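Student: Pasting a structure here, questions to come.
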Amino acid sequence: MIAKTLTFITDLLNQELKIIFGFNDNRVVASSLVNPDGSMPSNAENKIVISVVNLEQETSMKSMGNYMTDGGGGYGKIAPPVHINLYLLVSANYDSSNYVEANKVLSAIIGVFQANPYFNRQTNPEMQSPLKKLTMEIYNLPLNELSHIWSGIGAKYVPSIIYKIRMLTIQEEMIKKEVPSIGGLSGKAKPKS
């Protein structure tokens with residue numbers, strides 16, 4: 001689910017940037033900014049890099065459990081879905097000689113999400129199943145918290161913005177318990193006295 005979201009957002013932004021700027025190549029990649037050994041990934045040089053910086057369970061959508069038909073007249077109890085908010089760091093990872101270009105491209109991305117903050121399969125048929133809808137919103141952080149994120153990543157700060165994507169629904173349909181169906185009622189109700 002997370003991978004499909006990253007692919008959708010990356011493909012969408014690459015398509016939009018090609019239209020806006022006439023780029024011939026993809027400028028947006030889903031990647032970390034730093035490899036575990038501290039080196040810079042080669043696919044992230046002079047690119048807009050989209051990185052997951054946090055996952056959060058959306059608690060306003062809790063459900064107690066669901067039932068699904070087994071196709072034979074019975075039902076199966078399945079675990080309730082998990083609703084996840086995804087926090088994406090969108091970084092203009094360009095070298096200093098392309099600093100103005102980096103900010104120009106980052107501004108265009110902010111404009112894309114300002115004009116289109118909501119995505120669903122009806123308006124975006126390229127959205128892969130089981131994704132149904134995504135909502136983009138800018139997530140503001142105080143400078144000290146932003147500094148902690150960049151320190152944790154192990155990278156030097158580059159122009160960036162964080163988006164909160166609501167909401168990915170993860171639902172595995174593994175039946176936890178078989179529940180027989182009700183075939184009918186055989187008794188009569190007694191009249192009230």
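The values are calculated or read from the model by the stated rules, or taken from the named source; none is laboratory data. What you see is a predicted model, and the numbers here were worked out from it, not measured in a lab. Backbone-built Cβ (ideal geometry, glycine too); neighbour counts: all protein chains shown. The protein model used for the area step is the full one, side chains on, heavy atoms only, and it has no ligands, DNA or RNA in it. Shrake-Rupley method; radii C 1.70, N 1.55, O 1.52, S 1.80 Å.
Student: With θ set to phi - 60° and the Karplus curve 6.51 cos²θ - 1.76 cosθ + 1.60, what are the ³J(HN,Hα) couplings of the stretch 81-92 in order, to the nearest whole Hz, using x for Gly and Pro?
Tutor: x, 9, 9, 10, 9, 10, 9, 10, 8, 9, 10, 8
Student: So which of LYS18/LYS156; LYS133/LYS156; LYS4/LYS156; LYS47/LYS156 end up more than 25 Å apart by C-alpha?
Tutor: From the list (LYS18/LYS156; LYS133/LYS156; LYS4/LYS156; LYS47/LYS156), the Cα-Cα distance tops 25 Å for LYS18/LYS156; LYS133/LYS156; LYS4/LYS156.
Student: Which length gain, in nm to one decimal place, applies between ASN120 and LYS156 when the Cα-Cα distance is subtracted from 0.36 nm times their residue separation?
Tutor: Working: separation 36, 0.36 × 36 = 12.96 nm, distance 3.49 nm.
In short, 9.5 nm is gained.
Student: Taking N as the number of residues in the stretch 117-162, what is its Cα Rg relative to 2.2 N^0.38 Å?
Tutor: This ratio for the stretch 117-162 stands at 1.66.
Student: Return the sequence-ordered ³J(HN,Hα) values of the stretch 112-129 in whole Hz as given by the Karplus equation 6.51 cos²θ - 1.76 cosθ + 1.60 applied to θ = phi - 60°, using x for Gly and Pro.
Tutor: 4, 6, 5, 6, 9, x, 10, 10, 8, 6, 5, 8, 10, x, 6, 5, 7, 5
Student: Around LYS18, under 10 Å between beta carbons, what's the net of Lys plus Arg minus Asp minus Glu among the other residues?
Tutor: -1
Student: Separate question: ³J(HN,Hα) across the stretch 154-165 via Karplus (A = 6.51, B = -1.76, C = 1.60, θ = phi - 60°), whole Hz, x for Gly/Pro?
Tutor: These are the phi-based 3J(HN,Hα) values: x, 10, 7, 4, 10, x, 7, 8, 10, 10, 9, 9 Hz.
Student: Using a probe of 1.4 angstrom, how much of the accessible area of the stretch 13-53 is carbon and sulfur, in percent?
Tutor: Carbon with sulfur: 45 percent of the solvent-accessible area.
Student: Here's a follow-up. Per 0.36 nm of contour for each residue apart, how much would the distance between GLN15 and SER32 grow if the chain were fully extended, relative to their Cα-Cα spacing?
Tutor: 4.0 nm
Student: Using the Cβ atoms and a cut-off under 15 Å, what net charge is assigned to the surroundings of PRO159, where Lys and Arg are +1 and Asp and Glu are -1?
Tutor: Computed value for this residue: +2.
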